[in-house]
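The values are calculated or read from the model by the stated rules, or taken from the named source; none is laboratory data. The structure displayed is predicted, hence computed values, not measured ones. Positions of Cβ are generated from backbone atoms using ideal geometry, with glycine treated the same way; all protein chains shown enter the neighbour counts. Just the protein is used for accessible areas: all its heavy atoms, side chains included, with ligands, DNA and RNA removed. Shrake-Rupley method; radii C 1.70, N 1.55, O 1.52, S 1.80 Å.
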Amino acid sequence: MINKVFDFLQKNNMLSAGDNVICGLSGGADSVCLLIILNQLKEKLKISIEALHVNHCLRGDESDRDERFCHELCNSLNIKFTAVSCDVKKYADEKSLSCEEAARNLRYSIFDEYSEGKKIATAHNADDNLETVIHNLIRGTALKGLSGIPPVRENIVRPLLNVSRQEIEYFLKNINQNFVTDSTNLTNDYTRNKIRHNIIPLMKEINSSLIETSIRSIESLRSENNLIESEVNSVTDKCFNNNVFTGLADYNEVIRRRCISKLLIENHLPVSNKRLAECDRILLNGGKINLSGDLYFISDGKTAEIKKILPEIQYKSVSKELLIGENSIFSDIKLICEIIECENLKKNDFVNKNLTFYLMDYDKIVGRTVVRSRKYGDRIQLSGRSFTSSVKKLINKTIPVSIRQTLHFIEDENGMIFGENIGIAQRVSPDENTRHLLKISVIRN
């Protein structure tokens with residue numbers, strides 16, 4: 001048993017000479033076994049050992065009994081012992097979590113707090129790993145979830161992952177070492193207990209070597225997952241720069257979605273198969289999708305990023321009657337209107353490739369004309385097109401955010417005929433019969 005754990009430690013590069021290892025000690029069989037084995041291996045591994053007990057204060061006297069047992073065990077082994085109490089019930093109520101999830105969050109938070117510069121060893125075993133895989137499968141998972149509990153994650157190591165619960169109890173019995181039993185583990189109040197007491201026994205009826213088989217299967221899945229993760233890291237290094245993915249669309253769907261998942265997780269955003277499929281579609285085809293609040297996943301088909309988009313400031317609508325000459329509805333900006341006889345217009349002015357001004361057939365304008373700011377729902381049929389377009393979409397495509405709220409629009413009695421930096425309407429477009437042109441220029445200081 002001790003050699004088996006040692007080999008697993010070495011294979012997964014869990015510990016190095018000089019490491020200070022904190023053993024998470026609950027008092028149950030698994031953690032007691034872990035503490036004793038690490039204590040026996042400390043000289044060989046050249047490590048130091050201490051223990052940390054988290055009292056969740058959920059079981060009254062029984063919780064205090066577990067803490068006393070752990071303290072006495074560490075005293076007998078001459079191992080430094082620390083106990084930390086936390087109010088799981090209060091935390092669960094505040095965060096709207098189940099007691100099971102709240103206890104786990106608090107436990108790992110305490111581990112993190114006490115393990116700076118040290119390693120944390122937890123007593124997850126092969127049975128726990130299988131339960132986790134089944135739990136993930138029930139909730140819905142991909143390959144990563146089927147790979148089970150990682151042997152190493154940051155500074156957390158799990159030396160007993162290839163050891164069954166039966167082996168642990170047999171080891172403790174042989175050395176005449178007692179342990180405590182958490183009474184909540186005997187009920188079906190928690191999902192994991194239902195899996196442990198009901199589902200796994202049925203699976204063992206089909207395969208009596210279930211745990212041993214699961215160790216090999218999970219290890220294979222974990223190896224394949226690690227290979228994919230390695231490729232994802234390589235693609236991320238190539239394609240991700242300044243918080244923007246460039247060229248990610250060229251890779252396989254599995255790699256694309258893993259990269260997107262990694263980006264979401266790093267930004268503390270929820271991940272689901274549906275969300276990954278939506279983001280992948282946006283990545284390939286362009287567009288945007290809301291992720292949370294003002295955060296969006298945005299792509300133009302070549303690049304993709306998570307970007308904060310604040311709602312547009314709603315300005316009060318401004319409008320004035322359009323004058324021939326100088327018009328002003330925004331501070332420091334002028335819109336100049338001139339009527340020009342066609343015969344006096346030079347050919348290069350008429351073409352106006354740089355859009356320094358706009359020309360429309362003055363005689364096609366209907367009735368009273370106003371110059372105004374943008375309005376919600378504006379639409380225009382641009383010159384040369386047979387359909388109307390959303391002004392909002394046209395603006396979002398090409399116009400800088402800094403000037404969007406000070407754009408000029410002109411409308412006559414039949415609707416919009418001009419949008420600054422957008423163009424003129426088809427119905428006022430000059431043709432061979434045009435005699436008078438309205439020249440529009442915008443001067444921004």
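Observations on the structure shown:
For (1) open to solvent by less than 40 Å² (accessible area, probe 1.4 Å); (2) part of a loop (DSSP other than H, G, I, E, B), each residue gets a yes or a no:
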{"site": "TYR91", "(1), (2)": "no, no"}
{"site": "ILE110", "(1), (2)": "yes, no"}
{"site": "ILE149", "(1), (2)": "yes, yes"}
{"site": "VAL163", "(1), (2)": "yes, yes"}
{"site": "GLU169", "(1), (2)": "no, no"}
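- Hits in the stretch 1-49 (condition: free of Cβ contacts under 8 Å to residues at least 40 places away in the same chain, over 20 Å from PHE171 (Cα atoms) and among the acidic types (Asp, Glu)): GLU43
- Looking across the stretch 287-307, the residues that are under 16 Å from ALA249 (Cβ atoms) and either open to solvent by 50 Å² or more (accessible area, probe 1.4 Å) or not aliphatic (A, V, I, L, M) (or both) come down to GLY287, LYS288, PHE297, SER299, ASP300, GLY301, LYS302, THR303, GLU305.
- Once the stretch 50-74 is narrowed to residues that are touching a residue at least 60 places away in the same chain (Cβ under 8 Å) and either touching a helix residue (DSSP H, G or I) at 6+ places or on another chain (Cβ under 7 Å) or of a type in the set (Val, Ile, Thr) (or both), the residue that is surrounded by the most Cβ atoms within 10 Å (Cβ to Cβ) is LEU52.
- Any hit, the stretch 67-78, residues being within 27 Å of THR184 (Cβ to Cβ), among the aliphatic types (A, V, I, L, M) and within 37 Å of the chain's Cα centre (by Cα): no
- Strands (runs of 3 or more DSSP E) fully within the stretch 301-408 that include at least 3 residues being in contact with a His (Cβ under 7 Å, 6 or more places away or on another chain) and modelled with pLDDT of 80 or more: 333-341.
- Residue check, PHE245 surrounded by 17 or more Cβ atoms within 10 Å (Cβ to Cβ), of a type outside the set (A, V, I, L, M) and in a strand (DSSP E or B): yes
- Lone qualifier among LYS194, LYS204, LYS173 - being charged (D, E, K, R) and either surrounded by fewer than 12 Cβ atoms within 10 Å (Cβ to Cβ) or at pLDDT 95 or above (or both): LYS173
- Residue match in the stretch 263-274 (condition: assigned to a helix (DSSP H, G or I), surrounded by 16 or more Cβ atoms within 10 Å (Cβ to Cβ) and aliphatic (A, V, I, L, M)): yes
- Answer residue from the stretch 151-160, given it is in contact (Cβ under 8 Å) with a residue 60 or more places away in the chain and in a strand (DSSP E or B) and is nearest to ASN225 (Cα to Cα) among those: VAL152
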